[in-house]
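Computed from the coordinates by the stated procedures, all read-outs in this text should not be read as laboratory data. A quick note: this is a predicted structure, and the numbers were derived from the prediction, not measured. Methodologically, a virtual Cβ is constructed for each residue, glycine included, from the backbone with ideal geometry; neighbour enumeration extends over all protein chains shown.
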Amino acid sequence: MNEPLRVFITGASSGLGAALARHYGAAGAQLGLVGRRPDGLQDTATGLDAHLYQADVRDAAAMQQAATTFLNEVGAPDIVIAAAGISVGTLTEFAEDAPTFRAVMDVNVLGLVHTFQPFIDTMPPGGVLCGISSVAGIRGLPGGGAYSASKAAATVYLEALRLELKARGIAVVTVAPGYIDTPMTQVNPYAMPFRMTAPAAADKVVRCIARRRRFTVIPWQMAWVARMLKWLPIPVYDAVFEKAPRKPRNLPT
């Protein structure tokens, strides 16, 4: 009889992270769930075999402690998913947005490092590290400079990590979703084509992990949009997106 998967997930208080936890938990996985909100973690973990760790992915020491506790209580994970992320509108012209730029970069980029680093030396060959990037990292979106930059950086970081860990037999999977119906997107004052529910997005991420896909945009319709955006000439891109609606500038709590 196969042992249950051991899966460690950040951002598990809500949204995609919570949906991933429920997906793996329903299949019998032993879970380590990280989030900033204990009430959200408790809600996610209902009925699941889960160990809960209240921590902010920006805090390297807290993430090290969570990882050490998981290793002692459960063992080396088969899968680590860095799903924590924040998205908020930013404008460089406002000095008061500088801390928001830092928060977005710290969560969306350094949060990946703080999530993965404590586990790398313990993971057996065949393990998977999965980072959640975004289609928003393909081109710079007006009013979303911090978020676009953070997701572009996340994608490139994950690519470098994939090459670094290949000899160890540890796969690094990058998933770049389009719009997912979560509290993070529900404040957006514009149309969101091909928007997925969190459970539907989680199902696609799980399949990418199972197949050890190196880079995938989900859903497939958004993958075609991503290809178009990537190769759109700069003058055309500027003309189309200069007046695009912008995300609100209030940082989520």
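With all distinct Cα pairs included, what does the Kirkwood hydrodynamic radius of the stretch 74-152 come out to in Å, to one decimal, could you say? Walk me through the numbers before you get to the answer.
On the way: mean 1/r = 0.0727 Å⁻¹.
The answer is 13.8 Å.
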Completion exercise
Residues whose built amide H sits under 5 Å from the amide H of Val217, excluding neighbours closer than 5 in sequence, are Ala176
Exercise for the section: For the stretch 90-95, take each phi angle, set θ = phi - 60°, evaluate the Karplus expression 6.51 cos²θ - 1.76 cosθ + 1.60, and give the result in whole Hz per residue in order, putting x for glycine and proline. Expected result: 9, 9, 4, 5, 9, 4
Practice task
Work out from phi, with θ = phi - 60° and the Karplus expression 6.51 cos²θ - 1.76 cosθ + 1.60, the ³J(HN,Hα) of each residue of the stretch 223-230, listed in order in whole Hz, and give x for Gly and Pro.
Solution key: 4, 5, 4, 4, 4, 5, 4, 4
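Given contacts defined as C-alpha pairs under 8 Å and at least six residues apart, what's the relative contact order of the chain, whole-number percent?
19 percent
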Exercise for the section: On each of the three principal axes of the Cα atoms of the stretch 62-102, give max minus min coordinate, whole Å, ordered largest first. Expected result: 48, 18, 8
Problem - Highest-first arrangement of 159-172, 138-151, 221-234, where packing means the average Cβ count within 10 Å - result: 138-151, 159-172, 221-234
Fill in the blank from the handout: Square roots of five times the C-alpha gyration tensor eigenvalues of the stretch 6-241, ordered largest first and given in whole Å, equal 28, 19, 18
Handout entry: Angle between the chain longest axis and helix 145-165 axis [Cα atoms, degrees, rounded to 10]
Key = 40 degrees
